[in-house]
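Here is the structure we will look at, set down as structure tokens.
Every number here is computed from the coordinates shown, using simple stated rules; none is lab data. Model, not experiment: these values are computed from the prediction. Because the Cβ atoms are built from the backbone with ideal geometry, glycine has one as well, and the counts that use them run over all protein chains shown.
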Amino acid sequence: MNDRRFGEIRSLLHSNPPSEQLWKQLTSLLWGWRNLLPAEMMASYCESHMSDWPDDLRTISKGWLKAILRGDDNPLFSLARTLHIKNKQINQDKFSTIAACRSLSKLSSIDLSSNRLVNTVDDDHLWIEDLKQSPFLDTLEHLYLHMCSLNTDAIERLSEVNLQNLKSLELDYNFQIIGLLTFFKSAHAPRSLEHLSLLGNVNYPETDTHHNTGTNVDRRRHYLRPNHLEDLLESIPTLRSLDLTMCKFDPLPLARQHHLAKLQKLSISIDFSQNAWLKLIQDPSYLPELHELHIRYTGYGQLDLDKLWSVLEQRIHTSELTHIALPQHALTHIKPHLTEELTRRVHFSQSMSPF
């Protein structure tokens, strides 16, 4: 290896703490010299000095992604841990190319949000086949599939993929997610999932009118019902964080499940089933290990702000709650009640909009 070039790489790795900027400098340097230095040797050397680097810093760059989509399979890509391809950057064919890159063997996090992975009803199995054969299944811990137009059959087919190492799964705004029941009861389901987000998967009526044809549509096969959620959560006893924002159902049966006793973070839309949620929050025997509560407002109902504060105050004094996120108008309403003692015990912040 050329001593000068090797010296520059060594200097970057040894003289700076890990950072996004350092990662960009390192990958740019390595890629610029990819034809001058042995790629496998460079990758091996860098890897041996990057054990303390957080995975979220080691993101595939736009340049590397373009090369991968051209069909390049460079050993340098094995240094990456995170792949973010959001907002209609890829389709099913491009995902197939990415999944075929054998050097992406150490990815721990993939975000494919807002990409249409299913082109037609007849080809919903193709992206699953690609995922099954990808080189990163053994290391994949975080999978984000927001707004990917996944239908019931596509999600059911996840049961064919070995995702046992997943720690986080987010399926926001896919709507037809009843296939999760099949997935989580399969032999390939995650064995230690800690975070699940179903934000935006609203509980629609069992029948509805199609907006184009005017005919009745039976939605019972596709949409999550309260009993489905009970069955689903029963299959995930390791869950620590759950997002049910804009999921309309009676939450009380869920709270009685001992499987949720270790839940530490919960995100909800309180204007859906408001009285039931307030009853759940008020009783410290429900969700006894809850530390973070994120309440979002969707605008579909009125919040009883006085009652909300009364419930939160009681919960604060009878539990280990340390962080509460509320809509802006709710924060403004309770501000006069926030004593110095309360703010020392609990961090209050503004919750994000679900839209």
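Can you put Asp250, Asp138, Asp130 in order of Cβ neighbours within 10 angstrom, beginning with the fewest?
Asp138, Asp250, Asp130
Quick one: length gained pulling Lys262 to Asn16 fully straight, 0.36 nm per residue minus the C-alpha distance?
This chain segment gains 84.7 nm when fully extended.
Please check which bits of region 4-47 a label hung off Lys62 would reach, taking the label as a point 7 Å along Cα-to-C-beta and the cut-off as backbone N under 19 Å.
20-32
Classify region 279-342 as rounded, prolate or oblate from the Cα gyration tensor: take a ≥ b ≥ c as the square roots of its eigenvalues, call it rounded if a/c is under 1.5, otherwise prolate when a/b beats b/c and oblate if not.
Here region 279-342 falls in the oblate category.
Shape call for region 231-329 from the C-alpha gyration tensor, a ≥ b ≥ c root eigenvalues: rounded (a/c under 1.5), prolate (a/b greater than b/c) or oblate?
oblate
How far is it, in nm, from the label point at Asp231 to the one at Thr339 when both lie 7 Å from their Cα along the line to the Cβ?
Label at Asp231, label at Thr339, 4.9 nm between them.
Taking the Cα centre of region 23-181 as origin, work out the dipole magnitude from +1 charges on Lys and Arg Cβ and -1 charges on Asp and Glu Cβ, in debye rounded to 20.
Computed charge dipole of region 23-181: roughly 680 debye.
Only four residue types carry charge here, +1 at the Cβ of Lys and Arg and -1 at the Cβ of Asp and Glu. Report the dipole size of the chain about the Cα centre in Debye, rounded to the nearest 20.
Its charge dipole is roughly 660 debye.
Towards the positive end of the charge dipole of the chain, with charges on Cβ (+1 Lys, Arg; -1 Asp, Glu), say which of Leu104, Ile316, Gln282 has the farthest Cα.
Leu104
For the residues Phe183, Phe348, what sequence is obtained by ranking on other C-beta atoms within 10 Å, fewest first?
Phe348, Phe183
How much length is gained if the chain between Leu305 and His84 is pulled fully straight, taking 0.36 nm per residue apart and subtracting their Cα-Cα distance, in nm to one decimal?
Separation in residues times 0.36 nm, less the Cα-Cα distance, equals 75.7 nm.
Would you mind getting me the FRET efficiency between Thr97 and Asp55? Use the beta-carbon distance for r and R0 = 22 Å, nearest 0.05.
Once rounded, the FRET efficiency stands at 0.45.
When a footprinting reagent is the concern and you count Cβ atoms within 10 Å, what order do Asp55, Asp271 take, fewest first?
Ordered from fewest to most neighbouring Cβ atoms within 10 Å, Asp55, Asp271 come out as Asp55, Asp271.
What is the chain by shape, rounded, prolate or oblate, if you read a ≥ b ≥ c off the alpha carbon gyration tensor as root eigenvalues and call it rounded for a/c under 1.5, prolate for a/b larger than b/c, and oblate otherwise?
Oblate shape, in that a/c is at least 1.5 and b/c is the bigger or equal ratio.
Report the antiparallel proportion of the DSSP beta bridges in the chain as a percent, rounded to a multiple of 5.
10
How many nm is it between the label spots at Phe6 and Asp72, if each spot is 7 Å from the Cα in line with the beta carbon?
Going from the Phe6 label point to the Asp72 one covers 2.4 nm.
So which GluC sites (Glu not before Pro) in region 294-355 end up in coil per DSSP with only 15 or fewer other C-beta atoms within 10 Å?
Answer by residue number: Glu320.
Given Lys248/Lys307; Lys24/Lys62; Lys262/Lys335; Lys86/Lys167, which pairs have Cα atoms separated by over 18 Å?
The answer is Lys248/Lys307; Lys262/Lys335; Lys86/Lys167.
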